[in-house]
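Working notes, beginning with the structure itself.
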Amino acid sequence: MKRVLLLGGTGEARALATALERSTDIQVVSSLAGRVRDPLLPIGDVRVGGFGGAEGLAKWLGDHSVDGIVDATHPFAAQITRNALEAAARVEVPIVVLRRPGWSRMGRQDWSTVRDVDAAAALLPELGTRAFLTIGRQSVHSFAAVRTMWFLVRAIDPPEGPMPPHSQLILARGPFSVAEEAALMRRHRIDVLVTKDSGGAGTAAKLDAAAELGIPVLVVRRPPLPSGASTVADVEEAILWIESEI
Ligand code: NAP
C-alpha cells in the first residue's frame, strides 16, 4: 500500500480523494489548513492544521511513511506549495503540483491584469466606482484605503482586518450561475469586477456575467510556481502521475 499526502482545500483535491477512495494500493490522507469555519470535507482520512513550515512537514512525511505528495492546494496558496516542494526535496519524496488552468480573456472585451492585490487596489479607482470584490477574505484589507469607491465584498467567511469604508459584505459559497451573478451585479449597480485568476468552472460565472453586462474585469495574476516544480492540470493527470511515479 502506497501512502499519498494530498494537500487540499480545493474542489480538485476533493475529486482526487474521491477517485482514489476505492484504490487497493493507494492510501490517501488529505490535509486542510483549517482556515474555513465549515469546510467541505474530502472523502477518506483527513488531517487539519499547519505542519509548522517546511521543516515540520518534512518531519510529518517521515513520521507517516509518506511515499508521494500531490499538492492540490489553491493556485494562490503559495506558501504551502513552497513548503511542500522544499520538504519533499529534503526527504526525497516525489511531489507533483495539481494546478487547474487559469482563466483566459476568451473574447471578453475589458480585461486588465495586475501582479498582486495591492496593485489591484491602486488601479481600481481608474476603472469604476462600484466594485464587486471576489478575492477571498484574506486580502480584502488591501482595499481598506480606497475611500472613493463602494464595494460589494463576497467571501465564504468574514474577511480578516479592516474592510473598505463604503462596503457591503455577502457571505456565500459558490458555485453561482451566470444569471445569479448578473442579477447580483445589476442589483448593486456594479461597474467593475475584481477577481483572482483562480481558474476552474465553479466560480467562472461572474466573468461571463460581467461580459454580458459590459463590466470591466480586473484580474490578479497567480503567484509564480517555484521553478522546477512538476505540474499536472487535472485529476486524471494526477492519477496517472501517482500510478507512474510513486
Ligand atoms: P498559504 O498562505 O499558502 O499557507 C499558509 C500556511 O497555512 C502554510 O504555511 C501552512 O502552515 C498552512 N497550510 C496551507 N494549506 C495547508 C494544507 N492544505 N494543509 C495543511 N496546512 C496548510 O495558504 P492560504 O492561501 O492561507 O490557503 C489556505 C488553504 O486554503 C489552502 O489549503 C488552500 O488550498 C485553501 N484555499 C486558499 C485560497 C486562496 O485564495 N489563498 C482559496 C481557496 C482555498 P504551516 O507552515 O504551519 O504548515
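The values are calculated or read from the model by the stated rules, or taken from the named source; none is laboratory data. Just so you know, these numbers come straight off a predicted model, no measurement behind them. Neighbour counts run over all protein chains shown; Cβ positions are idealised from the backbone, glycine included. Surface areas here come from the heavy atoms of the whole protein model, side chains and all, with no ligands, DNA or RNA. Shrake-Rupley method; radii C 1.70, N 1.55, O 1.52, S 1.80 Å.
Open to solvent by 40 Å² or more (accessible area, probe 1.4 Å), closer than 23 Å to Ile135 by Cα and touching a helix residue (DSSP H, G or I) at 6+ places or on another chain (Cβ under 9 Å) - does that describe any residue in region 53-65? So far as region 53-65 goes, no, none of its residues is open to solvent by 40 Å² or more (accessible area, probe 1.4 Å), closer than 23 Å to Ile135 by Cα and touching a helix residue (DSSP H, G or I) at 6+ places or on another chain (Cβ under 9 Å). The number of residues in region 65-83 that are of a type outside the set (Val, Ile, Thr) and farther than 20 Å from Glu243 by Cα comes to 8. When the residues of region 30-40 are narrowed to those that are over 16 Å from Leu6 (Cβ atoms) and more than 8 Å from the ligand (Cβ to nearest atom), which ends up least open to solvent (accessible area, probe 1.4 Å)? Among residues in region 30-40 that are over 16 Å from Leu6 (Cβ atoms) and more than 8 Å from the ligand (Cβ to nearest atom), the one least open to solvent (accessible area, probe 1.4 Å) is Asp38.
When the test is whether a residue is of a type in the set (S, T, N, Q), out of contact with any His (no Cβ under 9 Å at 6 or more places or on another chain) and closer than 29 Å to Ala211 by Cβ, Ser112 passes it. For region 107-142, the tally of residues that are in contact (Cβ under 8 Å) with a residue 24 or more places away in the chain and buried (at least 19 other Cβ atoms within 10 Å of the Cβ) stands at 13.
Taking the criterion of being in a loop (DSSP other than H, G, I, E, B) and aliphatic (A, V, I, L, M), the only residue of region 1-18 that qualifies is Met1. Here Gly49 passes the criteria (1) farther than 26 Å from Gly174 by Cβ; (2) without any contact (Cβ under 8 Å) to a residue 40 or more places away in the chain except the one numbered (1). Entry remark, region 150-163: residues being aliphatic (A, V, I, L, M) and either in contact with a Pro (Cβ under 6 Å, 6 or more places away or on another chain) or open to solvent by 30 Å² or more (accessible area, probe 1.4 Å) (or both) number 2 in total.
The set of residues from region 210-246 being touching a helix residue (DSSP H, G or I) at 6+ places or on another chain (Cβ under 8 Å), assigned to a helix (DSSP H, G or I) and either loosely packed, with under 14 Cβ neighbours inside 10 Å or among the hydrophobic types (A, V, I, L, M, F, W, C) (or both) comprises Ala210, Leu213, Val235, Ala238, Ile239, Ile242. Just one of the listed residues (Ala131, Ala172) is under 16 Å from Leu184 (Cα atoms) and out of contact with any Phe, Trp or Tyr (no Cβ under 8 Å at 6 or more places or on another chain), namely Ala172.
Within region 90-120, the set of residues being under 15 Å from Glu245 (Cβ atoms) and away from the ligand (no atom under 13 Å from the Cβ) comprises Glu92, Val93, Pro94, Ile95, Val96.
Against the test of being assigned to a helix (DSSP H, G or I) and closer than 25 Å to Asp45 by Cα, the options Arg100, Arg173, Arg90 yield a single qualifying residue, Arg90. Number of residues in region 41-85 that are assigned to a loop (DSSP other than H, G, I, E, B), near the ligand (Cβ under 7 Å from one of its atoms) and not polar (S, T, N, Q): the value is 7. Across region 173-209, the qualifying residues are those that are modelled with pLDDT under 95 and among the charged types (D, E, K, R), and the one among them that is most open to solvent (accessible area, probe 1.4 Å) is Arg173.
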